[in-house]
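Written out below as structure tokens is the structure these notes cover.
The values are calculated or read from the model by the stated rules, or taken from the named source; none is laboratory data. Predicted, not measured: the structure shown is a model, and the values here were computed from it. Note: ideal-geometry Cβ built from the backbone for every residue, glycine included; neighbour counts use all protein chains shown. The accessibility values were calculated without ligands, DNA or RNA, using every heavy atom of the protein model including side chains. Shrake-Rupley method; radii C 1.70, N 1.55, O 1.52, S 1.80 Å.
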Amino acid sequence: MKIPAEPKVILRSCRDYDPERIRTIVREGLEELGLRPSGRTLVKPNLVASGPLFPYAYTRPEFGEGVLRALRDVGGSAMTELRGRRALRHHGADPGRVPRVGLGRDAEEDRRQALLLRGDAAGRDPAVASRAAARLPVHARAGRARRLLRQLPKFKAHPWTTVTFSCKAYIGIQDDRHRLIDHDHRLNEKIADLQHIIQPQFIAIDAITAGEGRMLTPTPFPLGMIIMGNSQVAFDSVCCQIIGVDPATVDHIRLASEHGFGSTDIARVKITGDVTLDEARARAKGFKVGLVRVEKYFEGTSITAYAGPPPTPEAGDYCWGGCPGAIEEAIEILRVFDKDTDRKMPRLHVVFGAYQGGIDARPGEKVVFIGDCAAWKGMIHGKPVAIENLYRDRSTLDPHTIEGQDVFAKLASARKKLAGDVVRLEGCPVSVAEQVLALVHLGGLKNPYYDRESMLTFGRAYLGWKARVALNRLQRKRYQQNGAFLERGQAAPELGTGGPR
């Protein structure tokens, strides 16, 4: 896909999750942009966490339903396959109302897209990545042409990257064995690298009820809009301007622009629709983004946090994309499942990065060093403690051979890792799931993985995913392979005229 030299972003008012209203707006947006689905069309919503416990974290099924119907309206007989239907049904869409458009042999993968992501059983879509774009391997199914990609992100804040719009949602094209590679102080670079895998021809973001402050547990913000566009960097830049953020200060957007995926200068973007940019800014006034350091976040709670710099000096003095942000999300998840989380949590000290200050831990208070790059020397409870840096440079990790840790293995080993007054949790990063389990055991909290409302769905999805992996191995189907961009049809990135000038 050649990045449009004159991108367009359409701002439309939509106050309610009425699928027919959404259908009309999106159909008109597709027609205005001159886009018509053809061949194999992949629809990617944001399903990082969903359901009644996470109502503002994901692309609502009513939104997806309206978009799918609009795509069918403009696609006609040319649309041979529309993927994403099952994922949306799994997350709450009415099965009788979601269009059935040519689903066939890839239906199993559609179901796998919808796995609950509170664990590590997620099997998402088409690509996996390392830091260097030149080494990006591709999931085997991506070898079949994805002629078109339609992206349906959620308009929300993010505690690690400021915002989640279109570019940031690309983390969701990986599965868990790869998504944690560079999910640390290099997270923004990783997001920019992923742009080289595949590009969306159409973006429609669920900004009807936006999510502010956080990623998995955001607070609702009634923005009342559907925003559509045909260029990711331009689209994200306009969304940033709506909430009063300079897009050039959001690293993954700036880096994507530097890679040639468009300009952050919205003067080069044609903005249309029934809502002006100034009116959109007025609607978004007061919207809160992320980026709260972990020390500040835990002030006034029973947890005291200490953070030093990540292992590479050019990354700054704080790891925005790794373990500190993960523990913030972990505690927010636990507060959803257990309303007494803050009352139950004992005095606890958590340490990140190469911290050099003192740790004021009294007898009986645990100190938990989190992450491979944690390093510290000093006295705790009258005894000398030396925590060594275990960080491995990302160039030593081969994304073709990397293995993910099964969520049930994490469940089995979580308690053993917490023995003693001084604890070290290894990983880069230590995932949200593992930090959830650690806090569950440290505080005697309700375990989200044993929640009755989600156990059956999670277990069924997990077993189905494992069965599919086993079948692929029996059939000698490779998990991933290097893929040529040309095989991805119109979604293959073709850089050039849309780059920064």
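When we measure straight from the Cα of K8, which lysines land under 25 angstrom away, once same-chain ones fewer than 8 places off are left out?
Within reach: K44, K154, K156, K168, K270, K285.
Under a point-charge model restricted to the Cβ atoms of Lys and Arg (+1) and Asp and Glu (-1), what is the dipole moment magnitude of segment 152-307 relative to its Cα centre, in debye to the nearest 20?
On the way: 17 positive and 18 negative charges, 46 e Å.
Here segment 152-307 has a charge dipole of around 220 debye.
Please state, rounded to one decimal and in Å, the Kirkwood hydrodynamic radius that segment 226-343 gives when every pair of distinct Cα atoms enters the mean of 1/r.
Taking the inverse mean of 1/r over all distinct Cα pairs, segment 226-343 comes out at 17.1 Å.
Say a paramagnetic label sat at a point 7 Å from the Cα of E295, along Cα to Cβ; which residues of segment 344-385 have their backbone N under 14 Å from it?
350-360
Once label points are set 7 Å from the Cα along Cα→Cβ at both E32 and R281, what is their separation, rounded to one decimal in nm?
Using points 7 Å along Cα→Cβ, the separation is 2.0 nm.
Run the simple label-point estimate for L463 and D342 please: 7 Å along Cα→C-beta, distance reported in nm.
Between L463 and D342, the simple spin-label model gives 4.0 nm.
Give me the one-decimal Kirkwood hydrodynamic radius in Å for segment 373-436, with the sum taken over alpha-carbon pairs.
14.1
How much of K154 can a 1.4 Å solvent probe reach, expressed as accessible area in Å² and rounded to 10?
Surface accessible to solvent at K154 totals approximately 0 Å².
For segment 168-182, take each phi angle, set θ = phi - 60°, evaluate the Karplus expression 6.51 cos²θ - 1.76 cosθ + 1.60, and give the result in whole Hz per residue in order, putting x for glycine and proline.
5, 5, 5, 4, x, 8, 10, 9, 6, 6, 10, 5, 8, 5, 6
Show which aspartates and glutamates lie in cross-link reach of K190 when reach means a straight Cα distance below 18 angstrom and same-chain residues fewer than eight apart are skipped.
D125, D175, D176, D182, D236, D251, E258, E314, D393, D398
Once the Cβ-Cβ distance between T396 and Q356 is put in as r, and R0 is 25 Å, what FRET efficiency do you end up with, to the nearest 0.05?
E between T396 and Q356, to the nearest 0.05, is 0.45.
Just by accessible area at a 1.4 angstrom probe, what is the order of E365, E295 from largest to smallest?
Highest to lowest solvent-accessible surface, that is E295, E365.
For segment 348-501, compute Rh as the Kirkwood radius over C-alpha pairs and then the Stokes-Einstein diffusion coefficient at 37 °C and 0.692 mPa s; write the answer in µm²/s, rounded to an integer.
Values: Rh = 19.7 Å.
Taking Rh from Cα pairs, D becomes 167 µm²/s.
Please give me the summed charge of the neighbours of R60: other residues whose Cβ is under 10 Å from its Cβ, Lys and Arg +1, Asp and Glu -1.
That sum, taken over residues with Cβ under 10 Å, equals -2.
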